[in-house]
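Here's the structure, in structure tokens; my notes come after.
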Amino acid sequence: MDLELIQSLFLIKLSNLQIYLLFFLLGSFTVATLSDLKHLSAQKEFFQIWILFVLVMLGTDIYHHFYVGENFIYFFIKWGLILLALPLCFHYLGKIAWGDVWAKMAACSLFSPFLILIFMVLITLINKLTRFIWKIWRKGNYYPFMPVILLTTLFLLTIFIFFN
């Protein structure tokens, strides 16, 4: 692997456009969190927005990495993590609802592979630290997970703004 690829895999900075897109997602996460706390599910329109967001970002990355930058390895690592690792870890193993998984996938579509891994670790830590709060709203074995996604995204966004 060349040095440029290794640097891009471990990139921790976000561009201004990525930060603005993260703010957009944060707005949808906030409203979806309120819906999740009230009804233990976010409205399906949020789910559809996040799917569309992921598809647009996938299309943008396909264009960028195949036609402009020709960085195939980076593309396959990033989207392998998003499309395979996130659903496997959180839906199939973690029993998290698909809407929550797509919200994570939308946020991660803006990150480098290393930041995706950091996001996955942070979301697991924040979930463990705050789970007792969200269980107040639980029904059966399920509790709202959107607040965890909101807090993790807000935490990362704060770090990006202050240390970018």
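Fraction of C-alpha pairs exceeding 20 angstrom in the chain: 50 percent, rounded to a whole number.
Charging the Cβ of each Asp and Glu at -1 and of each Lys and Arg at +1, and nothing else, the dipole of region 86-156 about its Cα centre rounds to 300 debye. Look at the alpha carbon pairs under 8 Å that are at least 6 residues apart: their mean separation over the length of region 19-164 gives a relative contact order of 35 percent.
Pairs from the list 13/128; 13/38; 38/95; 44/135; 78/135; 13/135 with a Cα-Cα gap above 24 Å: 13/128; 13/38; 78/135; 13/135. Taking only the Cα atoms of region 102-143, the radius of gyration and Dmax are 12.7, 36 Å.
Among the DSSP helices (H) of the chain, those spanning at least 24 angstrom by Cα along their long axis with an average Kyte-Doolittle hydropathy of 1.0 or more are 44-62, 113-134, 146-163; this is a geometric and hydropathy rule only. In terms of surrounding Cβ atoms within a 10 Å radius of their Cβ, 57, 105 rank from fewest to most as 57, 105. Going by neighbour counts of Cβ atoms within 10 Å, the residues 98, 79, 50 line up, fewest first, as 98, 79, 50.
Counting beta carbons within 10 Å around each of 55, 83 and listing the fewest first gives the order 55, 83. Annotation: amide H of residue 43 has no partner in the under-5 Å range at sequence separation 5 or more or interchain, hydrogens built in the peptide plane.
Fraction of C-alpha pairs exceeding 20 angstrom in region 90-164: 29 percent, rounded to a whole number.
Each value in this text was obtained by applying a stated rule to the coordinates, not by laboratory testing. On a predicted model such as this, the values are computed, not experimentally measured, just so you know. Using ideal geometry, Cβ is built from the backbone for each residue, glycine included, and neighbour counts are taken over all protein chains shown.
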